[in-house]
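K.L.:
Structure below; questions to follow.
The values are calculated or read from the model by the stated rules, or taken from the named source; none is laboratory data. Since this is a predicted model, take the numbers as computed values, not measurements. Cβ placement follows ideal geometry from the backbone for every residue including glycine, while neighbour counts extend to all protein chains displayed. Side chains are part of the model used for accessible areas, which takes the heavy atoms of the whole protein and leaves out ligands, DNA and RNA. Shrake-Rupley method; radii C 1.70, N 1.55, O 1.52, S 1.80 Å.
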Amino acid sequence: MKNRLRVLRAERNWSQADLAQKLEVSRQSVNAIETGKFDPSLPLAFRLARLFGTTIEAIFLDEDAIDHPTL
Amino acid sequence: MRTCNKNISPLHRRSIVPIASMMSICGGLTAVTPRIERGHFSTSTYYGIALIAVLPIIGTMIVIARYLSQETDEYMRHLVTQSILWGFGMVMVIDTFLGYVVQSYLPHTAALTALNLEIFLIASAIALRIQMGRNQ
């Protein structure tokens with residue numbers, strides 16, 4: 001799943017390690033989410049949204065919704 | 001359960017140390033078992049030895065289950081779960097292959113299934129390293 005995590009992180013001048021520390025996960029987790037290799041669970045997605053002061057939809061792009069808007 | 005990493009967490013350490021101990025116990029049993037002569041002891045003694053050989057495997061499963069339930073990092077949990085599946089897969093592949101070879105050509109050889117725990121742990125550790133290496 002594509003996401004804007006790298007952009008949001010860069011806007012705040014946070015490294016992957018900084019974000020990992022704030023989320024209490026490993027740096028590898030942040031990297032895997034950023035590169036789209038791993039989709040976070042709903043609780044972690046909510047934590048990310050809270051941390052960046054935005055919504056989940058503003059961070060993660062629902063490609064299925066773009067391809068099939070009626071579903 | 002990160003391997004070869006100096007920055008391991010207390011949870012990783014709590015899991016790696018007992019697993020390494022189980023592996024050593026299992027390795028020791030594997031080395032000793034072929035020296036036990038067939039028909040030398042009573043049947044119940046052989047069953048007892050077989051049960052002792054199973055204990056490190058049960059212990060390892062308990063440690064892994066405890067690790068997975070206590071790991072708060074869901075990505076690490078995901079990687080470890082995938083690595084465990086690779087470990088089990090490798091055990092089945094090697095067991096099946098060796099089973100057929102032993103049955104066909106070496107019927108008097110000691111049970112190679114005694115190496116199952118070692119194969120499982122080594123294959124799981126390699127799979128975990130590869131997965132973590134891909135995501136540096």
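K.L.:
If we keep just the residues of segment A:24-59 that are over 11 Å from the mean Cα position of the chain (by Cα) and closer than 25 Å to B:Ile130 by Cβ, which is farthest from the other protein chains (Cβ to nearest Cβ)?
P.N.:
Filtering segment A:24-59 for residues that are over 11 Å from the mean Cα position of the chain (by Cα) and closer than 25 Å to B:Ile130 by Cβ, the one farthest from the other protein chains (Cβ to nearest Cβ) comes out as A:Arg27.
K.L.:
Given (1) open to solvent by 90 Å² or more (accessible area, probe 1.4 Å); (2) farther than 18 Å from B:Gln136 by Cα, identify the lone condition not met by A:Gln21.
P.N.:
The one condition A:Gln21 does not meet is (2).
K.L.:
Hey, could you check segment B:61-109 for residues that are away from every other protein chain (no Cβ under 14 Å), within 30 Å of A:Arg47 (Cα to Cα) and of a type in the set (A, V, I, L, M, F, W, C) and say which is surrounded by the fewest Cβ atoms within 10 Å (Cβ to Cβ)?
P.N.:
That would be B:Ala65.
K.L.:
Now a separate question. If you scan segment B:118-133, which residues turn out to be open to solvent by 20 Å² or more (accessible area, probe 1.4 Å) and in contact with a Lys or Arg (Cβ under 9 Å, 6 or more places away or on another chain)?
P.N.:
Selection gives B:Arg129 alone.
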